[in-house]
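Here is the structure we will look at.
The values are calculated or read from the model by the stated rules, or taken from the named source; none is laboratory data. What you see is a predicted model; the values in this text were computed from it and never measured. Please note: Cβ atoms are built from the backbone with ideal geometry, for glycine as well, and neighbour counts cover all protein chains shown.
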Amino acid sequence: MHAVAHVMEMQGRHAEGIAWVRRHEPDWSTTNNFRFHLYWHRGLYHLERHEFDEVLAIYDNYVASDIASDMYLDVCNAASLLWRLEMHGVDVGDRWKDLTEVSLRHVDDHELVFVSLHYLMALLKGGEPEAAARLAARMQDYSNAATAQGRVSGRVGTGTAAALTALARGDAGAAVDALLPIRYELWCMGGSHAQRDLFEEMLVSAAVRARPRLARALLAERTAAKPRSAWSWRRYAAALRAEGQAAAADAAERRAAELLATA
Ligand SMILES: [Fe+2]
């Protein structure tokens with residue numbers, strides 16, 4: 001189920017993905033908390049279709065329904081879905097709050113860099129800047145450790161943490177500076193392509209705001225890799241327009257509209 005859900009996501013088969021996850025729901029919906037990750041996958045398809053009410057319903061009814069049990073994957077699903085919704089301009093209300101409470105228990109964790117970055121997102125968004133700064137500082141300390149995760153921390157963890165912190169204070173330029181040098185290294189933190197794509201989306205969004213010329217290049221690459229992503233075409237249009245390429249921007253905007261109409 002999960003592998004096919006990833007294939008559908010990577011190939012931009014959003015409507016098929018929704019149908020697939022829904023059709024087999026009776027087979028997996030009574031299993032452990034991993035089921036919430038399959039709902040998260042369905043949420044990604046709906047996000048690409050700009051069906052934000054459906055994403056929020058999935059978030060409330062499934063993805064965040066057992067946050068209090070403090071399972072790391074639930075926090076990863078929830079934080080990444082909320083961050084993505086906000087990148088789409090959706091108001092998520094006070095949904096960061098429950099996530100923040102769980103994340104406060106993990107400020108000093110030295111387990112997986114990938115997971116700690118999701119706790120950091122919640123702390124930054126949930127109004128806990130001191131705890132967020134402490135987590136980022138602990139990640140910096142940990143990058144000196146001669147362990148696999150210590151090396152991951154130094155290679156990509158501290159840079160990604162700096163980018164998240166910059167984005168939370170609205171400094172898109174600093175986020176680009178932090179993420180651009182490590183974007184081809186992010187794989188080493190683990191997680192799936194779909195999960196790590198959040199960081200690519202952050203880089204692209206920040207570049208559209210702060211470095212449109214760079215954004216144009218990043219989005220030329222991204223729309224080639226993900227030609228069925230309306231989100232990406234929309235941002236490509238914005239970057240092209242900022243660079244004075246009105247006709248190309250209009251074409252990118254039309255492509256986004258076509259994809260949304262036929263998704
Ligand atoms: Fe997955």
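For segment 87-100, filtering for residues that are over 17 Å from A136 (Cα atoms) and touching a residue at least 24 places away in the same chain (Cβ under 8 Å) leaves 9. Here segment 61-88 is the region considered, the condition is being at pLDDT 95 or above and polar (S, T, N, Q), and the residue that is surrounded by the fewest Cβ atoms within 10 Å (Cβ to Cβ) is N61.
Within segment 104-118, none of the residues are crowded, with 18+ Cβ neighbours inside 10 Å, within 16 Å of the ligand (Cβ to nearest atom) and outside the structural domain of M139 (by TED's automatic domain parsing). I'd like to check something: does segment 218-235 contain any residue that is modelled with pLDDT of 95 or more and farther than 25 Å from Y45 by Cβ? No, there is no match, as no residue in segment 218-235 is modelled with pLDDT of 95 or more and farther than 25 Å from Y45 by Cβ.
Just one of the listed residues (H41, H24) is within 15 Å of the ligand (Cβ to nearest atom), surrounded by 14 or more Cβ atoms within 10 Å (Cβ to Cβ) and more than 19 Å from the chain's Cα centre (by Cα), and it is H24. The condition of being within 16 Å of the ligand (Cβ to nearest atom) and not assigned by TED's automatic domain parsing to the domain that holds V7 holds for only one of L240, L198, L218, that being L198. Assess whether V176 counts as being assigned by TED's automatic domain parsing to the domain that holds E111 and in contact with a Cys (Cβ under 8 Å, 6 or more places away or on another chain). Answer is no for this residue.
So M10 clears everything in (1) closer than 18 Å to A230 by Cα; (2) surrounded by fewer than 17 Cβ atoms within 10 Å (Cβ to Cβ); (3) more than 16 Å from the ligand (Cβ to nearest atom) except one condition, right? Which one? Failed condition: (3).
Of the helices (runs of 4 or more DSSP H) lying entirely inside segment 92-147, those carrying at least 1 residues that are among the hydroxyl-bearing types (S, T, Y) and closer than 17 Å to G159 by Cα are 113-125, 129-142.
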